[in-house]
Amino acid sequence: MLKKLMAGGFSLTDTFWKFGVLGLFVVICVVRFFGSLLAQKLAGISLWTYFTRYFHPLNMNTGILILTLCYLGCLAAFIIYSAVLLSGTWKSSAEYDKSVWLRYVSRVVMLLMLFVCYKIVF
């Protein structure tokens with residue numbers, strides 16, 4: 001499905017609304033969920049500080065390690081998904097021939113949505 005999305009195989013409305021708006025909302029919620037669980041476990045210490053100063057392999061907190069892997073995995077998935085989504089939106093809007101105006105508006109709005117999502121996550 002991601003391959004078809006990246007190739008622009010879906011219509012512009014499906015790409016923008018289903019994968020863009022709804023898909024980004026779901027991915028952001030998952031990233032924020034794991035981020036909030038990890039923040040509760042770290043209790044005010046940054047992730048970098050925890051792993052450079054307090055982490056010890058023989059006496060480690062497995063909950064923090066698992067949540068860190070989940071959080072970083074979700075961040076990687078978000079970055080890959082946003083690249084695929086941007087490519088798919090660009091290609092499906094190039095083939096949209098009903099309105100030239102909507103073609104460029106969808107591209108600009110998708111860039112703005114991704115910018116806001118990156119500001120929320122990072």
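The values are calculated or read from the model by the stated rules, or taken from the named source; none is laboratory data. None of these values were measured; they are calculated from a predicted model. Remember, those area values only see protein heavy atoms, side chains included, never the ligands or the DNA or RNA. Shrake-Rupley method; radii C 1.70, N 1.55, O 1.52, S 1.80 Å.
Probe radius 1.4 Å, ligands and nucleic acids ignored: give me the carbon and sulfur share of the accessible area of the chain as a rounded percent.
C and S atoms contribute 71 percent here.
Of the listed pairs K4/K98; K41/K119; K18/K41, which have alpha-carbon separations greater than 26 Å here?
K18/K41
Can you give the convex hull volume of the alpha carbon atoms of segment 70-114 per residue, in Å³?
About 53 Å³ per residue, rounded to a whole number.
So what is the accessible area of the chain per residue, in Å², with the probe set to 1.4 Å? If you can, show how the numbers build up before the last one.
Working: 7890 Å² over 122 residues.
Value returned for the chain: 65 Å² of accessible area per residue.
Relative contact order for segment 1-94: what percent, with Cα pairs under 8 Å and sequence separation of 6 or more?
About 63 percent, as a whole number.
Nearest 10 degrees, 0 to 90: what angle lies between the long axis of helix 23-42 and the longest principal axis of the chain (Cα atoms)?
Long axis of 23-42 versus the principal axis of the chain: about 10 degrees.
Provide Rg over Rh for the chain; use the alpha carbon set for both Rg and the Kirkwood Rh (inverse mean inverse pair distance).
My calculation of the ratio gives 1.14.
Rank R103, R53 by accessible area, highest first, at a 1.4 Å probe radius?
R53, R103
Taking the 0 to 90 degree range and rounding to the nearest ten, how far is the long axis of helix 62-94 tilted relative to the main principal axis of the chain, both from C-alpha atoms?
10 degrees
Would you tell me the accessible area of K119, worked out with a 1.4 angstrom probe on the heavy atoms of the protein chains, in Å² to the nearest 10?
Taking all protein chains as shown, K119 has close to 140 Å².
Over all distinct Cα pairs, what is the inverse of the mean 1/r for segment 1-73, reported as the Kirkwood hydrodynamic radius in Å?
Roughly 14.6 Å, rounded to one decimal.
Report the Cα centroid-to-centroid distance between segment 69-94 and segment 37-63 in angstrom, as an integer.
Comparing the Cα centres of segment 69-94 and segment 37-63, I get a distance of 28 Å.
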